[in-house]
Amino acid sequence: MTTPDGPAAGDASPSGRVEWNGAAYDRLSAPQARWGRAVVERLVLGGNETVLDAGCGSGRVTEELVARVPEGRVVALDASASMLDEARRRLRSHADRVRFVRADLLALDRRTLGGDAPVDAVLSTATLHWITDHDRVFANFAAVMRPGAQLVAQCGAEGNIARLLEAAHSVGVERAGSWLYAAPEETARRLGRAGFVDVDVWTNPEPTSFADEDSLGAFLETVCLREHLATVPRAQWRPLVQRVIGAMADPVIDYVRLNIVARRALG
Ligand SMILES: C[S@@+](CC[C@H](N)C(=O)[O-])C[C@H]1O[C@@H](n2cnc3c(N)ncnc32)[C@H](O)[C@@H]1O
């Protein structure tokens, strides 16, 4: 099933999740692109490294990453075909240095990356909270990273969009599927168990406001309430989203981000 903007909800990605609408996400993801730019800046790079973008989405943040490694390479990995289509379009002028891989991060290993040399760094933005098994995903990252390689990531933290989820719940709009908004302490412990050192994990609030109800509605439909709406016919999406907006105290999404900087141990 497809819509003019790409696959409709209900088309499953390899991880069994509801498919994204890559074109709509690319148009609407200004907040994620803004946060992502700051996260990319945390990578310490000489310019010739190979970096894995784990959950590259439509490639807006990947584009910033490609610019940071003018003599290096980027592996843009995502589970969503629709997102990868957008990323390929966006990054077509860098096709010689970007390799696109459709894969589930829960199954990531050296073979997923074509058996190439281990990567010098892993970047991941706005992705890890969609995966509940963080122990496995961190172990998988470690398995494809060279000793001493950097991990720089950001995703939703404990408390992320709690007020929005409460507003949705209050009008009977419930989320399907599963997610993990992890706390910094448990994340640091997981990273240690997976073989990471120099671990720094912290959170920051990112309250995000929208110019008007239309832009808030389109954003909620494509990003935050995507899984709430997955089992509902398309024609009902906007009325349900309007009900949620009506239950929100203000047109502000109460994002809280979990930030990770770490290194794969040398030994
Ligand atoms: C909100 S988008 C973030 C995209 C981009 N990194 C950004 O910051 O805008 C989350 C992405 O994670 C991907 N994703 C979620 N679970 C995944 C998994 N298990 N394996 C690979 N990609 C996954 C989704 O397909 C989606 O493209």
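Computed from the coordinates by the stated procedures, all read-outs in this text should not be read as laboratory data. Model, not experiment: these values are computed from the prediction. Cβ placement follows ideal geometry from the backbone for every residue including glycine, while neighbour counts extend to all protein chains displayed.
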For this session: Kindly list, by first and then second residue, each pair from a residue in segment 35-62 that is among the polar types (S, T, N, Q) to a residue that is assigned to a helix (DSSP H, G or I), limited to pairs with Cβ atoms under 6 Å and residues at least 6 apart or on different chains.
Result: Ser58/Gly22; Ser58/Tyr25; Ser58/Asp26; Ser58/Met83; Ser58/Glu86; Ser58/Ala87
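Could you run through segment 92-131 and say how many residues are of a type in the set (Gly, Ala, Ser), surrounded by fewer than 22 Cβ atoms within 10 Å (Cβ to Cβ) and under 30 Å from Ala176 (Cβ atoms)?
Total satisfying the criteria: 2.
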For this session: Filter segment 211-229 down to residues that are surrounded by fewer than 18 Cβ atoms within 10 Å (Cβ to Cβ) and hydrophobic (A, V, I, L, M, F, W, C) and give me whichever is farthest from Ala153 (Cα to Cα).
Result: Ala211
Exercise. Which ones in segment 33-72 are within 7 Å of the ligand (Cβ to nearest atom), assigned to a helix (DSSP H, G or I), crowded, with 23+ Cβ neighbours inside 10 Å and not β-branched (Val, Ile, Thr)?
Worked result: Gly36
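May I ask you to list the residues in segment 33-48 that are under 20 Å from Trp130 (Cβ atoms) and touching a strand residue (DSSP E or B) at 6+ places or on another chain (Cβ under 7 Å)? Working first, answer last.
So the first thing to find is which residues in segment 33-48 are under 20 Å from Trp130 (Cβ atoms), and the list is 33-36, 39-40.
Answer for segment 33-48, where residues must be under 20 Å from Trp130 (Cβ atoms) and touching a strand residue (DSSP E or B) at 6+ places or on another chain (Cβ under 7 Å): Trp35, Gly36, Val39, Val40.
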Problem set entry | Ser93, sole failed condition from (1) among the polar types (S, T, N, Q); (2) within 15 Å of the ligand (Cβ to nearest atom); (3) free of Cβ contacts under 8 Å to residues at least 60 places away in the same chain | (2)
Exercise. Do any residues in segment 112-126 that are at positive phi and without any contact (Cβ under 8 Å) to a residue 24 or more places away in the chain have Cβ atoms under 8 Å from those of residues that are among the hydroxyl-bearing types (Ser, Thr, Tyr) and within 16 Å of the ligand (Cβ to nearest atom), where the two are at least six apart or on different chains, and which pairs are they?
Worked result: none
